Amino acid sequence: MLKFLHLSDLHLVPPGVRLHGLIPQEQLDRCVDDVIQKHSQAAFCVVTGDLTHGGDPIAYGVLRECLARLPMPVHLMLGNHDDRKAFREVFPNVPTDSHGFVQQAISTTEGRLLLLDTSEIGMPDGRLCERRLAWLKDRIEEQPESLLFLFLHHPPFRVGLQRMDSIRLLNGDILFEVLRPHLSRIRHFFVGHLHRMIAGSWRGIPFSGVRGTSHQIELDFKTSNVASVSFDSPGYGVVMVSSDSTIVHFEEISRSVMGT
């Protein structure tokens, strides 16, 4: 069985800065401590974007220091709060495609992971341009027997939270047309952006998302112009994959552990 971790929405800021009254680095450090204590044998960790809150190079330096404590490889993705140029200056060895998008394919014992870059400069919503979609199509077709796990920051579907739905991946229909011929091979979607534990299916494809390691988003189906912040505990996902199942456990950092 393959075991890996799913973290998302770190929203790191430079030292001494608070975000929504919280210190995101402290929130992430608590999650890292929890991973080291409970899941150090995991094969790897995927972080599905919003690594920083404003794309500050100093915040990316904080990220590098925090994640260096983890005993497993960490695969980083970008979200709408990130800056691609600043990120690559701090993490020059992170794989990219031929156009500089932070995308990569990772082969595992249970299938192939495809990490997509849905970030569009200056926009809160997500896009997959023709070049990124062509990269995805090529990666799917070059190993026609592999099962597939897709990772995106922006979900391509609505979840009922009006503000978050307005800034989802806006060309999800086009993404689905790329995926349609290969639906039998797609095991799971992993998404970020929502700052919530969430699971379901989209056009027959199972998906899950996790809480942010920073702040959370309130379960508010009425407000349309803003995503209200919640101060629930941070968390992450523990994924167990075998030949016949994909199980996602949602790990929460208890308030007693957080010292609040």
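Bear in mind that the values in this text are calculations on the coordinates, not laboratory data. Since this is a predicted model, take the numbers as computed values, not measurements. Virtual Cβ from ideal backbone geometry, glycine too; neighbours counted across all protein chains shown.
For the reader, a short list of remarks on this structure follows.
- When Gln37 is tested against (1) farther than 22 Å from Pro15 by Cβ; (2) in a helix (DSSP H, G or I); (3) touching a residue at least 24 places away in the same chain (Cβ under 8 Å); (4) not β-branched (Val, Ile, Thr), only condition (3) is not met.
- When Arg211, Arg196 are checked against the criterion of being outside any helix (DSSP H, G or I), in contact with a His (Cβ under 7 Å, 6 or more places away or on another chain) and surrounded by 18 or more Cβ atoms within 10 Å (Cβ to Cβ), Arg211 stands alone in meeting it.
- Single residue of the range 11-35 satisfying the filter (β-branched (Val, Ile, Thr) and in contact with a Leu (Cβ under 7 Å, 6 or more places away or on another chain)) that is surrounded by the fewest Cβ atoms within 10 Å (Cβ to Cβ): Val32
- Once the range 57-70 is narrowed to residues that are in contact with a helix residue (DSSP H, G or I) (Cβ under 7 Å, 6 or more places away or on another chain) and in a loop (DSSP other than H, G, I, E, B), the residue that is nearest to Leu114 (Cα to Cα) is Leu70.
- Of all residues in the range 44-57, exactly one satisfies the criterion of being buried (at least 16 other Cβ atoms within 10 Å of the Cβ) and over 17 Å from the mean Cα position of the chain (by Cα), namely Asp56.
- Looking only at the range 176-211, and only at residues there that are of a type in the set (D, E, K, R) and in contact with a strand residue (DSSP E or B) (Cβ under 7 Å, 6 or more places away or on another chain), the one that is nearest to Leu51 (Cα to Cα): Arg211
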